[in-house]
Amino acid sequence: MPLHQGVTLLSNFFLLQGQPEHLLHVRHDSLLVILSIAVAIAASVLALYLVQAGMHAPGRFQRQVALLCGCGTLGLGIWSMHFIGMLALELPVDVHYHLGVTLASMLPGLFASWLALRHLLAPQSSLLRLLAAGVVVGMGIALMHYSGMSAMHMSADLRYDPWLFAASLAVAILMAVSALVLWNRMVHRSHSPILQRLVLPSVVLGGAITGMHYISMSAARFVGNTVQPGLDDTSFSHGLALLVIGICAVMFGLMALASAALRYRGLWLQVQRSESRLQTMASTAVDAVITIDGQGLVQSFNPAAERIFGWKASDIIGRNLKLLMPSALAEQHDGYLERYHQNGERRIVGTGREVLGMHKDGRHIPLRLSIGQADTPDGPVFVGFAYDLTERKRTEAQLRIAASVFDHTCEGIAIIDANHLVVETNPAFVHLTGLSRAECVHTPFDALYQGAKPAINMPAIWQAVTANGNWQGEVVLPRADGSDWTQRLSLTAVLNEHKRLTHYVAVISDVSLHPRAQLALEHKALYDSVTGLPNELLLIEHIAHAIPSAKRNSTQLAVISIDFDHFHRINEIHGRSVGDELLEKVAYRIRGYLRGEDTLARGRSDELVVVLAGLKDEEGLHIMCNRLIGALQLPVELSSIVIQVSASCGWALYPRQGHTAATLLAAARLAQHPVRPAGSGITPAPATE
C-alpha cells in the first residue's frame, strides 16, 4: 500500500493535523458517569466472585457454569458500562446507533472475558498466565469500546487523538493486569478480609473498564459543519437507555441467580458431604448413637445400637426411647424432658454417667451414657452416645475374683518383672518366706534363694523358664529359727500379645509336712471318720485280698451284714451326735468278739460289716453270729441316755454265695430283707449256681 494511502486511511480514524475549525463541544451527565462506574465495579465483583466459586466447585460442570456466568457478567458489564457512558455524553447534533453494530459490540468483551477467566480457573495461575489474561481483558475492553463507538451515526465526523488513544489502551491493559494479579494473590489468603480478596481487585478492574472508556472519550474529536445546540435525538437516547437498562437487569438477574444456584448447590453438596460423613461415622462407631426429638421419639439408630439393644432401626425409629430403659430410668427420662420443656433445664446434657439399659429380650445392660443437644427449627434434638460396659463389668468382676484369690490363697505368689525384680507379693508369700512385703518388693528374686540347701543355679532356672515357659522344683531353705523347710517353687513366664516377655509369676508352697499330710488324706479316704473303722472302699479291698487266701487254704470266708433297725429315728429324735456315739459304742463292743484275722468295717450309714476268715465249716459261723446277736441285744449306755437297739443280720459264704467281694457283700445285704420286719435274726444268703 502506498504511503499516502496509509496516511489517508489513518486520517479517517485519527486527528493527525492540529485542531479542526468546527470542533463540537461535548459534556457528560455526572449521575450517568457515576452509574457507569458503579456498573463496571459491580460486574467485576460478581465476575470475580463467580470465578472464586468455580475454583472451589466440586465438579467440572459446576466450574464450567461458573466460568460462563463469570464471562457473561464481565462481558455484559463492559458493554453496559460503555453505553451508559455513551448515554452520559451530550452532543449538539443528532446521534443514532446502528442496532446490529451495537449488539455485535458485545462479542469482544464476552470473548475476552471468557478467555481471561478461563486462565484464572486453571489449577495453577502463573504470572505469565495472569499477564496474558490481563492483556486479553484490556484489549477486549478497548475493542468493545471502539466497536461500540463505530455504531454512532451523526452529522459530525469522529476522530481520535493518537496519543490519548494509545493512553486508553495502556490504561486498560495495565489496570486489567494489576486487577488480576492482585486478585490472584488475595484469593489464596483465606485469612484476608473480603474487602482485600474481592472488592479491591474488582475496583481496579472496574477502573480499567471506566478509565479506558473515559480516556478514549477524551481522545474523541467530533468535527461537524452543522451545529444544532441541544438537538440530540432524545427518543433514540431513551430507546438505547431502555435497551441498556434491560440488558443490565437481565444480566445481573441471571448472574445473581446463577451465583445463588452455584452457592446453593455448593452448600447442598457441603451439607450432603457432612451428612454422609456423619452417617459413616455413626454407622461405623462402636458406640450406640441414638437421636431423639423433644418428645423422646427415636429419630435415628445406628448399627452399634442395634447390636447392643437387639432392636432393628426400622422397629425402633418413631417409638419412645423408654423401650430401651428399665422402668425406673424411664420415669427419670420423662422427668428430664418435662423439666427441659418447662424451664430449659439441661442437667444431664454434656455429662457422662453410668446407667442401665434394657435389651429387647428384657435383660439389663450396663452403659456409659453421654447426651448432647442441638437446637433445630423443628425443636430440640438430643443425641445419646452409649458405650456397652458389659465386657468391662465382667472383666472387673474377674479381676476382683483374681485379686481375692491372689490375696487369700494359701500358696505364696510373687509377680516378677522382666529384670527379675519382685514387683508384688501376696500375704501368703510374706507368711511363708518370713519376710515383710517391703523386704521383697524391688528385691532381685534370686536374692531370696541365696541360702538354699544345696545352692540352686538360678541362671539355669531362668534359662529353662525362657525356653519352656515354666519351671518347677523343690528348694530347701532355712527359717529364721534355724530350722529348714521345703518349698515347692513354680516359675511361669507371662507374654504379651506380641509374644514378648513382660513378667514372671512365682508360686511357692510349703511341702515340709507333705508325707504326713498325704497319709492323713489317705486315711480320710479309707476310714470312717466316726468309728475309725475301714469304710466300704477298704472293706471291698480286704475281702478281695482274703478270697485268694481262702482258696489256697481250702477254707471258707464269711461276710456278715449287720443293719440297725430304725436307726434314722434315733438321729431324728436324739440328734446325729447320739447316733454317731451309738455306732462307735456298738462297734467297740463287736470288736471284742472278733479274732485277729477278722475285719470289722462300716458299710452304709446304719450298717456294720464283719468279715470272718479261715472258717473250716459253718458251725464256726453260727457260733459267731449268736455271739453278735447277744451283744446287740444288750442295752447301750451312752453319755446322756441308755438305748436298746435291734438289728437284722444277713451273711454270705465264699465260695457258696459268690466268688468276688462285691457279690458276697451284695448277697449278705440281700439276705437281711426276708426277716427285717421281724426284728433281730440271722438269715443266710441263697447259694449261687
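Taken together, the values in this text are just the output of simple stated rules run on the coordinates, not laboratory data. Note that the coordinates shown come from a computational prediction; the quantities given were computed from them, not determined experimentally. Positions of Cβ are generated from backbone atoms using ideal geometry, with glycine treated the same way; all protein chains shown enter the neighbour counts.
Note on segment 68-122: the alpha carbon radius of gyration divided by the globular reference 2.2 N^0.38 Å gives 1.38.
For D528, D580, what ranking results if the residue with the fewest other Cβ atoms within 10 Å of its Cβ goes first?
Numbers: D528 19, D580 14.
In order of increasing Cβ crowding within 10 Å: D580, D528.
Taking 29 Å as the limit for the C-alpha separation, the pairs K524/K616; K524/K551; K524/K585 exceed it in the case of K524/K616; K524/K551.
In what sequence do C71, C410 fall when counting other Cβ within 10 Å, fewest first?
Working: C71 23, C410 9.
With the fewest neighbours first, C71, C410 line up as C410, C71.
Couplings 3J(HN,Hα) for segment 632-643, derived from phi with the Karplus relation 6.51 cos²θ - 1.76 cosθ + 1.60 (θ = phi - 60°), are 6, 6, 6, x, 10, 8, 9, 5, 10, 6, 10, 10 Hz, where x marks Gly and Pro. Each Cα pair under 8 Å and six or more residues apart adds its sequence gap; the mean of these over the residue count of segment 525-684 is a relative contact order of 29 percent. Exposure proxy ranking for Y214, Y504, based on other Cβ atoms within 10 angstrom of each Cβ and starting from the fewest, stands as Y214, Y504. Taking 18 Å as the straight-line reach from the Cα of K322, the aspartates and glutamates in range (excluding those fewer than 8 positions away in the same chain) are D293, E306, E331, D334, E338, E354, D361, D388. Near the amide H of G614, within less than 5 Å, lie the amide hydrogens of Q556, all on another chain or at least 5 residues away, with H placed in the peptide plane.
Estimated from the Cβ-Cβ distance and a Förster radius of 56 angstrom, the FRET efficiency linking I573 and E354 is about 0.50.
Averaging over all projection directions, find the projected area of the Cα convex hull of segment 352-477 and quote it in nm² with one decimal place. The partial results should precede the final answer.
Details: hull surface 56.0 nm².
Projected over every direction and averaged, the Cα hull of segment 352-477 covers 14.0 nm².
Taking 0.36 nm per residue of separation and subtracting the current Cα-Cα distance, fully stretching the chain between V286 and D407 would add 40.0 nm. Distances between placed amide hydrogens fall under 5 Å for N302 paired with V289, all partners being 5 or more residues away or on another chain. What the phi angles of segment 161-175 give under the Karplus curve with 6.51, -1.76 and 1.60, with θ = phi - 60°, is a coupling list of 6, x, 5, 5, 4, 5, 5, 5, 5, 5, 4, 4, 5, 4, 6 Hz, glycine and proline written as x.
Relative to the globular-protein estimate of 2.2 N^0.38 Å, the Cα radius of gyration of segment 409-512 stands at 1.03. Taking label points 7 Å from Cα along the Cα-to-Cβ direction, V441 and T502 give a separation of 2.0 nm. Between the alpha-carbon centres of segment 637-671 and segment 76-109 there is a gap of 139 Å.
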